[in-house]
Ligand code: IPE
Ligand code: MG
């Protein structure tokens, strides 16, 4: 969800104004998922690198996340969204983590769309944390080193219950991955679009999903 800061700057407003506008876009996109055939949507809200921003911006974002979850919980649940969070919760404040846990529990039986919010998430950090747990299982004798393969490692990732992404959309004109779902995106299709996240609409989302549907994916094989 990139481009909130620039969107605000273009309007002569503080960056947090852009973050609030960005948060407001989420509901429309989530609620359009069933119409465009998307069962799993993952949004990148805060990365392990975003702590490098000013204290004011980080604190503003954390308070926005708390507000967003409190305010949107009911609408998300009524819509039937099943919400999950990925990322390292250890660095997040206890109040926020409680809201995240409660929202996961509240929506655990929902099936309209699986919404995953990446919060204090980094692909490398996720692989490192997964490897640590995997190593603990090896050390305790629950896992043999020779049994570690491409099927084993993802079971330790935050995304263990989620399918790999088919399509990754990066807003705001940046053509980089920025540590998002590194392992999981090995065969994802990418769309890099100029739209700043607060200007992203369900119409543009529908257009990108339709264009994805027309792509020929071979996963390294040949067309049969
Ligand atoms: C993305 O918007 C939102 C978060 C990282 C929380 P940015 O804040 O990165 O916006 P730009 O890149 O400065 O425009
Ligand atoms: Mg940015």
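The values are calculated or read from the model by the stated rules, or taken from the named source; none is laboratory data. No experiment lies behind these values; they were computed from the predicted model shown. A quick note on method: Cβ atoms are made from the backbone with ideal geometry, for glycine too, and the neighbour counts reach across all protein chains shown.
Worth a mention:
- Segment 1-31 - residue that is near ligand 1 (Cβ under 7 Å from one of its atoms) and more than 18 Å from the chain's Cα centre (by Cα) and, of those, nearest to residue 71 (Cα to Cα): 18
- Residue within segment 140-153 that is assigned to a loop (DSSP other than H, G, I, E, B), surrounded by 13 or more Cβ atoms within 10 Å (Cβ to Cβ) and either touching a strand residue (DSSP E or B) at 6+ places or on another chain (Cβ under 6 Å) or on the phi > 0 side of the Ramachandran plot (or both) present: no
This table checks each residue for (1) in contact with a strand residue (DSSP E or B) (Cβ under 6 Å, 6 or more places away or on another chain); (2) closer than 23 Å to residue 184 by Cα.
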site	(1), (2)
84	yes, yes
91	yes, no
96	no, no
106	no, no
125	no, yes
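- Residue check, residue 58 within 23 Å of residue 115 (Cβ to Cβ) and more than 9 Å from ligand 1 (Cβ to nearest atom): no
- Test: residue in segment 58-73 that is surrounded by fewer than 17 Cβ atoms within 10 Å (Cβ to Cβ), within 16 Å of ligand 2 (Cβ to nearest atom) and at negative phi: yes
- Boolean, residue 120 is within 14 Å of the chain's Cα centre (by Cα), surrounded by 17 or more Cβ atoms within 10 Å (Cβ to Cβ) and outside any helix (DSSP H, G or I): yes
- Verdict on residue 159 being surrounded by 12 or more Cβ atoms within 10 Å (Cβ to Cβ), touching a helix residue (DSSP H, G or I) at 6+ places or on another chain (Cβ under 6 Å) and under 20 Å from residue 43 (Cβ atoms): no
- Candidate set from segment 14-49 (those that are free of Cβ contacts under 8 Å to residues at least 60 places away in the same chain and within 16 Å of ligand 2 (Cβ to nearest atom)); member that is nearest to residue 115 (Cα to Cα): 23
- Complete set of residues in segment 181-201 that are away from ligand 1 (no atom under 16 Å from the Cβ), closer than 20 Å to residue 25 by Cβ and crowded, with 20+ Cβ neighbours inside 10 Å: none
- Only listed residue being at pLDDT 95 or above and within 16 Å of ligand 2 (Cβ to nearest atom), chosen from 89, 6, 84: 6
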